[in-house]
Amino acid sequence: MTLLILDLAGIFFFAVSGSLLAARRNFDIVGSLMLGSFVGLGGGVIRDLIINQGVPLAFSKPVYLLPPLLAAILVFTHALGVQRYRRTLLVFDAAGLALFCVTGTLTAHQAGLNPVSAALLGVTTAVGGGLLRDVVANEVPQVFNPRGVYAIPALLGAGLVSLFTALGVFGPVLGIAVAALVFTLRIL
């Protein structure tokens, strides 16, 4: 249940970042929903396909579709009270990245992947949706931006989660600490 809540929170944060980018690019509500869905659900779909769990969770559990819908509506109607500035997008993107490197790595471990593969899949989960968002919006993908740090914090976070899980010491407090570290590094 905790993993589901963290997944949904990560989807929401990433979806807000996608909807903010859509607003900045003057996309309509459909474009906002699509961009939010790509970034919010893309990394998890990639993860689920790689671990061969069957139909990706984004399509088999309708609850996964609610965060992008909510994000698109909140951004489109200005209910979040946020401006369309790059800094706001960065904060929401960093929060999604932080949560997804943790949940993606944990999901990979639960699927039976070895610690190195689990960490790599955690990074893929964290950066995959952002890559899709940026490509669809015709932006330089953040993962390739030499002025920003995107994949490195996710790699560090996923590596720590994988290490702590392999050692049998991972728990909610360490998960929060790792997510906070990744968030901070991405913001800096």
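One table, with the values for the structure above:
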| quantity | calculated |
| --- | --- |
| Carbon/sulfur fraction of accessible area - the chain, other protein chains in place, 1.4 Å, % | 72 percent |
| The chain, helix-only ellipticity at 222 nm - DSSP H runs n ≥ 4, -39,500 (n - 2.57), divided by all residues, nearest 500 | -25000 deg cm²/dmol |
| Solvent-accessible area per residue for region 56-164 (1.4 angstrom probe, square angstrom) | 47 Å² |
| Pairwise label distance in nanometres, Ile29 with Leu188, each label 7 Å out on the Cα-Cβ vector | 4.2 nm |
| Solvent-free Debye scattering, log10 I(q)/I(0), computed from the Cα coordinates of region 14-56 at q = 0.22, 0.24 Å⁻¹ | -0.63, -0.68 |
| Isotropic mean projected area of the C-alpha convex hull, the chain (nm²) | 9.7 nm² |
| Rounded FRET efficiency, nearest 0.05, which uses the C-beta distance separating Asn138 from Leu49 and R0 of 30 Å | 0.75 |
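The values are calculated or read from the model by the stated rules, or taken from the named source; none is laboratory data. Here the structure is a predicted model, which means the values were calculated and not measured. Cβ: placed from backbone, ideal geometry, glycine included. Neighbour counts: every protein chain shown. The protein model used for the area step is the full one, side chains on, heavy atoms only, and it has no ligands, DNA or RNA in it. Shrake-Rupley method; radii C 1.70, N 1.55, O 1.52, S 1.80 Å.
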